[in-house]
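Inspection log for the structure reproduced underneath, given as structure tokens.
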Amino acid sequence: MTAEPFSCVVVGEEALLVECTRLLRERKHTVAAVVSPSAELLAWAEAEGLPAVPFGPDLAERLAPLRFDYLFSIANLRMLPEEVLALPARLPVNFHDGPLPRHAGLFATSWAILEGAKRHGVTWHVMTGEADSGDLLKQREVPVDPAATVRDLDLACFDAGIESFAELVDELAAGTATRTPQDLAQRTYHGAFDGPPRAGLVDWRRPATELDALVRATAFGRRRNAFGTALLPLPGGPAAVRGVEITDRLSTREPGTVLDSGPDAITVATADRDVRLTDLADLTGEPLDLTEVADALARDHHGRFPEPSEAEVAELVAAARAAHRQERRWLRALRTLEPVLPPRFGELGPVPDAGPVPLPEALRAAGGGAPAETVALAAVLALLARLARGGERDVALPVTPAPSAVTGGPTGGLLADEVPLRAPRDLLERTLGRLAGVGRRRGRRGPG
């Protein structure tokens, strides 16, 4: 059958979208629009003379007038609404970096490494209302090297995605593409906030291959890591594990025991084989001195890595998942952070001097039914806004109750003990007005 050019809309947020769009244009197909949340990709589309459409709640309305044959969702991490999926005259098609029906959802390459897969793959499939469940259109197998990191496997899937897309585009143009229903009995699914087992905490009681897989499954290189990190509990707080080697020596000591140490590695016993930790970092990314780590363990912890209790691990997993759900929100807040720096108090010290302050009884009585703490917070924020000479500014709000992942111990410091709170521009006027109103009402009622 003769190939016929078609029109399409491409949706995505990573570099694979660029390569696939170039391929479509080389084959003389019409790209009616590029949809992305990425300002960089939208700028690229405009530079290429392509209509650039940002994500938004009215996406279906903006795309409807284009009248296109296919919608290609390429490295797109957002669920598209049914009204968008219904727009293409022929099919909505999605790229998935896993061998569906296995590893549906997100971070398929990390989960493949964690389960010790020897082969992985990529899939192009028809989009439906349920994530990664539509008919298969094209798949390409990808071998998994025993030493591959998630970055390595992602790059292999990138190449396989382009190669298989070229074949699919030609088949769609020729009308020879075939649809194969998925065997959903074989389906596995990973949610966006599942994260690695035990929130990434190393468990020395497990085989060495599992520790090695955890480190490789969380090694994203320079890409943003929204999955999780391999974490090593230490007496003063956790470290990130960035390098590990499995030796050929069987472990004969208790798991977690330090067997040898030096500037280049710490050798530790596991459930089966000794491993060498070759690269540790603190939570800011600064490398740790391995000799100092080993010396501290010998001095303070009998030469063994601490093992959090099951209760501490469960608490961390729950807290980490809850925090993960809000991570994008807090990243946006931190990018636009404008702390309150009152000009009248001189130079700020490096360590905050803080302590509890009892709420005055008059303030408790002035709440008008609102919790006294709420009224006090509003009053303090209003005062700070005045001292900072107006404008919207951020203050640090302590997180309570604080889990052990905040307060200390081997998992302490993983979660922030404070979060930024934006004080609205007109907070002073609103707060003073409300407090004045409360005072007037109390004056009419009289004391008591």
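If you sort the three axes of the alpha carbon gyration tensor as a ≥ b ≥ c, you get a/c of 1.5 or more for the chain and a/b no higher than b/c, which makes it oblate.
Which FRET efficiency, nearest 0.05, do Ala64 and Glu163 yield, Cβ-Cβ r, R0 35 Å? With a Förster radius of 35 Å, E is 0.60. Legend: helices of the chain (whole DSSP H runs) are marked when their alpha-carbon atoms reach 20 angstrom or more along the helix axis and their mean Kyte-Doolittle hydropathy is at least -0.5; marked are 150-174, 310-325, 372-387.
Rounded, prolate or oblate: which one fits segment 1-149, using the alpha carbon gyration tensor with axes a ≥ b ≥ c (rounded when a/c is under 1.5, else prolate when a/b beats b/c, else oblate)?
Details: a/c = 1.69, a/b = 1.67, b/c = 1.01.
Prolate shape, in that a/c is at least 1.5 and a/b is the bigger ratio.
Going from the fewest other Cβ atoms within 10 Å to the most, the residues Thr278, Thr218 appear in the order Thr278, Thr218. Taken along the Cα-to-beta-carbon direction at a fixed 7 Å, the label points for Ala396 and Arg27 span 5.5 nm. Peptides 300-312, 16-28 ordered by packing proxy, namely the average of other Cβ atoms within 10 Å per residue, highest first: 16-28, 300-312. Considering only Leu66, Leu280, Leu214, the mean-square fluctuation computed in a Gaussian network model of the chain, springs between alpha carbons under 10 angstrom, is largest for Leu66. The calculated FRET efficiency for the pair Asp264 and Ala362, based on their C-beta separation and a Förster distance of 56 Å, comes to about 0.30.
For Thr252, Thr229, Thr123, which order do you get if you count the other beta carbons within 10 Å of each Cβ and list the fewest first? Please report the intermediate quantities before stating the final value.
Details: Thr252 9, Thr229 24, Thr123 27.
Placing the least packed residue first, the sequence is Thr252, Thr229, Thr123.
Highest mean packing first, where packing is the average number of other Cβ atoms within 10 Å per residue, the peptides 166-173, 323-330 line up as 166-173, 323-330. For segment 82-93, 3J(HN,Hα) computed residue by residue from phi via the Karplus equation (6.51, -1.76, 1.60; θ = phi - 60°) reads 4, 5, 6, 4, 7, 6, x, 5, 10, 8, x, 10 Hz, glycine and proline entered as x.
When the chain is treated as a GNM, springs tying every alpha-carbon pair under 10 Å, which of Phe220, Phe107, Phe68 comes out with the largest mean-square fluctuation? Between Phe220, Phe107, Phe68, it is Phe68 that shows the largest mean-square fluctuation. The calculated FRET efficiency for the pair Asn225 and Asp145, based on their C-beta separation and a Förster distance of 25 Å, comes to about 0.80. Sorted ascending by nearby beta carbons within 10 Å, beginning with the fewest, Val340, Val84 become Val340, Val84. Counting 0.36 nm for each residue step from Ala3 to Val340 and taking away their Cα separation leaves a gain of 115.0 nm.
In this simple spin-label approximation, Asp248 and Asp295 carry label points 7 Å from Cα along the Cα→Cβ vector, and these lie 3.4 nm apart. Within the listed set Gly262, Gly200, Gly121, the Gaussian network model of the chain (springs between alpha-carbon atoms below 10 Å) gives the highest mean-square fluctuation for Gly262.
The numbers here are math on the coordinates, done by the rules we state, and not lab data. This is a predicted model, so every value here is computed, not measured. All Cβ positions, even for glycine, are placed from backbone atoms using ideal geometry, and neighbour counts span all protein chains on display.
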